[in-house]
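Chemist: Handing you this structure, nothing more for now.
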Amino acid sequence: MTGPMPPLGPAGMIAGLREAGYTVEQRDGFVVFDYTVEVGTHAGRSVRIALEQVPDWPLSAPHGPHVSPRLGHPHGAVHPSGLGDEWEHWSRPPADWASDRTVRGYLRHLRTLFAQFESGPAE
């Protein structure tokens, strides 16, 4: 016996983030939430994360997170964000999406991205 089918599309992404304990707002086609960095130089820092609302979630993942404040990323591929000057888009889609198409899998991807900053005190 299987449980109920989880919601798909943006509603599924939002439901998953809420189940993970995040307060979510929708803004200009994005899902936005506060995120406390767990690892790397910025560990303990609170940032805002915005993810594109993907119409076929969880088949497809958001392309990469939009981050505020602007932190840069040590591996580059940082672009302006349409969310405003205080935001930047990290062009970093999750490499292992096919093996874990869940909010938990995407949060693991965020953790990996922040772990790529060298350890040490935040600036």
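Chemist: Condition check: surrounded by fewer than 14 Cβ atoms within 10 Å (Cβ to Cβ), farther than 23 Å from Asp28 by Cα, out of contact with any Asp or Glu (no Cβ under 8 Å at 6 or more places or on another chain) and not acidic (Asp, Glu). Does Gly84 satisfy that?
Modeler: Considered against the rule, which asks whether it is surrounded by fewer than 14 Cβ atoms within 10 Å (Cβ to Cβ), farther than 23 Å from Asp28 by Cα, out of contact with any Asp or Glu (no Cβ under 8 Å at 6 or more places or on another chain) and not acidic (Asp, Glu), Gly84 comes out as no.
Chemist: Restricting to the stretch 2-46, and then to whatever is closer than 21 Å to Pro58 by Cα and among the β-branched types (Val, Ile, Thr), can you tell me which residue is modelled with the lowest pLDDT?
Modeler: This residue is Thr2.
Chemist: Is it true that some residue in the stretch 66-78 is at pLDDT below 95 and within 19 Å of Val24 (Cα to Cα)?
Modeler: no
Chemist: Now for a different question. Can you tell me which residue in the stretch 33-66 is nearest to Asp96 (Cα to Cα), limited to those that are β-branched (Val, Ile, Thr) and surrounded by fewer than 20 Cβ atoms within 10 Å (Cβ to Cβ)?
Modeler: Val54
Chemist: Taking only the stretch 52-69 into account, find how many residues are touching a helix residue (DSSP H, G or I) at 6+ places or on another chain (Cβ under 7 Å) and of a type in the set (A, V, I, L, M).
Modeler: The number of residues fulfilling the criteria is 2.
Chemist: Next question. Given the condition under 15 Å from the mean Cα position of the chain (by Cα) and under 19 Å from Arg45 (Cβ atoms), answer yes or no: does some residue in the stretch 95-108 qualify?
Modeler: Within the stretch 95-108, one or more residues are under 15 Å from the mean Cα position of the chain (by Cα) and under 19 Å from Arg45 (Cβ atoms).
Chemist: Identify the single condition in (1) surrounded by 18 or more Cβ atoms within 10 Å (Cβ to Cβ); (2) closer than 25 Å to Phe117 by Cβ; (3) under 14 Å from the mean Cα position of the chain (by Cα); (4) of a type in the set (Gly, Ala, Ser) that Gly16 does not satisfy, given that it satisfies every other one.
Modeler: (2) is the only condition that Gly16 fails.
Chemist: Which one of these does Met13 not meet: (1) touching a strand residue (DSSP E or B) at 6+ places or on another chain (Cβ under 7 Å); (2) without any contact (Cβ under 8 Å) to a residue 60 or more places away in the chain; (3) not in a loop (DSSP other than H, G, I, E, B)?
Modeler: (2)
Chemist: Of the residues that sit in the stretch 21-35 and are in a loop (DSSP other than H, G, I, E, B) and without any contact (Cβ under 8 Å) to a residue 12 or more places away in the chain, which one is nearest to the chain's Cα centre (by Cα)?
Modeler: So, considering only residues that are in a loop (DSSP other than H, G, I, E, B) and without any contact (Cβ under 8 Å) to a residue 12 or more places away in the chain, the one nearest to the chain's Cα centre (by Cα) is Val24.
The values are calculated or read from the model by the stated rules, or taken from the named source; none is laboratory data. Every value quoted in this text rests on a predicted model; they were computed, and no experiment measured them. Cβ coordinates were reconstructed from backbone atoms using ideal geometry, including for glycine residues, and neighbour counts include every protein chain displayed.
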